[in-house]
Each structure stands twice: as structure tokens, then as C-alpha cells.
1. With the structure loaded, tell me whether residue 91 is closer than 21 Å to residue 119 by Cα, open to solvent by 50 Å² or more (accessible area, probe 1.4 Å) and touching a residue at least 60 places away in the same chain (Cβ under 8 Å) or whether it fails that test.
2. Which one of 127, 121 is in contact with a Ser or Thr (Cβ under 9 Å, 6 or more places away or on another chain) and modelled with pLDDT of 95 or more?
3. Criterion first (closer than 19 Å to residue 15 by Cα, more than 9 Å from the ligand (Cβ to nearest atom) and open to solvent by less than 80 Å² (accessible area, probe 1.4 Å)) does residue 74 satisfy it?
4. Where residues in the stretch 121-136 are of a type in the set (Phe, Trp, Tyr) and within 18 Å of residue 88 (Cα to Cα), which of them is nearest to the ligand (Cβ to nearest atom)?
5. Provide a single number: the residues in the stretch 96-106 that are within 8 Å of the ligand (Cβ to nearest atom) and either open to solvent by 20 Å² or more (accessible area, probe 1.4 Å) or in contact with a helix residue (DSSP H, G or I) (Cβ under 6 Å, 6 or more places away or on another chain) (or both).
6. Applying the selection to the stretch 108-120, what residues are out of contact with any helix residue (DSSP H, G or I) (no Cβ under 6 Å at 6 or more places or on another chain) and within 8 Å of the ligand (Cβ to nearest atom)?
7. Considering only the stretch 19-36, state which residues are surrounded by fewer than 14 Cβ atoms within 10 Å (Cβ to Cβ) and either of a type in the set (Phe, Trp, Tyr) or under 19 Å from residue 93 (Cβ atoms) (or both).
Amino acid sequence: MVDQRMPEVAVWLRSTIEGDKAAAEAIGAGVWTVAKAGRAELDELAILDDGRPIIDSGWEGGGVYDADVAHHIALHDPRDTIARCEAELAELDRHQPNFAGDCTRCDQVAPCEAVVIKARGYRHRPGWKDWEPHTGQERKP
Ligand SMILES: [Zn+2]
């Protein structure tokens with residue numbers, strides 16, 4: 001059940017972060033690394049989790065050719081995603097509205113700026129709106 005005092009942006013942000021965390025947990029708390037793929041004639045890179053291929057070469061391709069892309073993928077491995085999500089959820093817990101509708105951390109009318117700014121980090125996700133701090137209304141262009 002959703003707390004009726006909870007601003008829409010906070011509900012949406014918590015749900016989005018919890019979804020990311022659940023997706024990362026579902027595939028395990030792996031540590032991904034980048035290695036040369038098995039087919040030596042290609043410059044493909046594989047993403048490995050404790051030696052097991054996550055993204056590897058195959059007859060139809062599927063490996064990663066761009067080292068920057070491979071390192072970017074490995075940098076956002078499940079272990080990193082879970083840790084980031086836990087930290088963000090803990091920070092959200094600190095910015096709850098109190099009985100009067102003010103943030104318990106910032107003493108600003110909820111949603112406080114901290115929650116709105118954090119939500120902007122997920123602005124390419126479905127359901128994101130350009131919420132206004134303090135009113136929780138969507139900004140008009
Ligand atoms: Zn706050």
C-alpha cells in the first residue's frame with residue numbers, strides 16, 4: 001500500500017530503483033571482467049563472470065568489439081548495480097515526508113530537491129516526468 005503523503009516522484013523513483021536491484025539480484029551478484037574472446041582470429045572481447053562468459057563470441061557473433069563498450073558493461077556489473085541501488089534506497093529513506101508533508105531530512109516541503117534531483121538521473125526511464133521540487137507537479141515546457 002502506498003503512503004498517500006508520498007510524492008509521485010518518490011514512489012516512481014523507489015519503484016525504478018527497486019526494479020533495477022531486483023534485476024541485478026536475479027542474475028547474481030557477479031563481478032564482471034573483460035577478456036579476449038575465445039576466437040583468436042577476431043578482436044572480440046568477452047564479458048566474464050568468474051570465468052563464465054556473460055557476453056562471448058559465437059558463430060553468429062555476439063561479442064563486443066569496442067573495448068570502451070566492454071569496460072562500460074563490466075563497470076556496471078550486478079554487484080555494482082546492487083550496491084548503488086542499496087545506497088540510493090537508503091538515501092531515499094532519509095527523505096520521507098513527515099506528518100506535515102515536509103521532508104524529514106531537509107525540512108523542505110516534499111518532494112524535496114534531493115529526491116527530484118536524484119530522479120533526474122533516471123530521466124530516460126519509462127514514466128519519468130520533470131517534477132518540480134516542493135509541489136511535485138510536472139514542469140510545463
Ligand atoms: Zn529531503
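The values are calculated or read from the model by the stated rules, or taken from the named source; none is laboratory data. A quick note: this is a predicted structure, and the numbers were derived from the prediction, not measured. Ideal geometry is used to build each Cβ from the backbone, glycine not excepted, and the neighbour counts take in all protein chains shown. Side chains included, ligands, DNA and RNA excluded: accessible areas come from the protein's heavy atoms. Shrake-Rupley method; radii C 1.70, N 1.55, O 1.52, S 1.80 Å.
1. no
2. Residue meeting the stated conditions: 127.
3. no
4. Taking the stretch 121-136 as the starting set, the residues that turn out to be of a type in the set (Phe, Trp, Tyr) are 122, 128, 131.
Applying the additional criterion that residues be within 18 Å of residue 88 (Cα to Cα) yields 122, 128.
On the way: 122: 17, 128: 19 Å.
Step by step, filter the stretch 121-136, then rank; the result is 122.
5. Counting residues in the stretch 96-106 that are within 8 Å of the ligand (Cβ to nearest atom) and either open to solvent by 20 Å² or more (accessible area, probe 1.4 Å) or in contact with a helix residue (DSSP H, G or I) (Cβ under 6 Å, 6 or more places away or on another chain) (or both) gives 3.
6. 108, 110, 112, 113, 114
7. Of everything in the stretch 19-36, those that are surrounded by fewer than 14 Cβ atoms within 10 Å (Cβ to Cβ) and either of a type in the set (Phe, Trp, Tyr) or under 19 Å from residue 93 (Cβ atoms) (or both) turn out to be 19, 22, 25.
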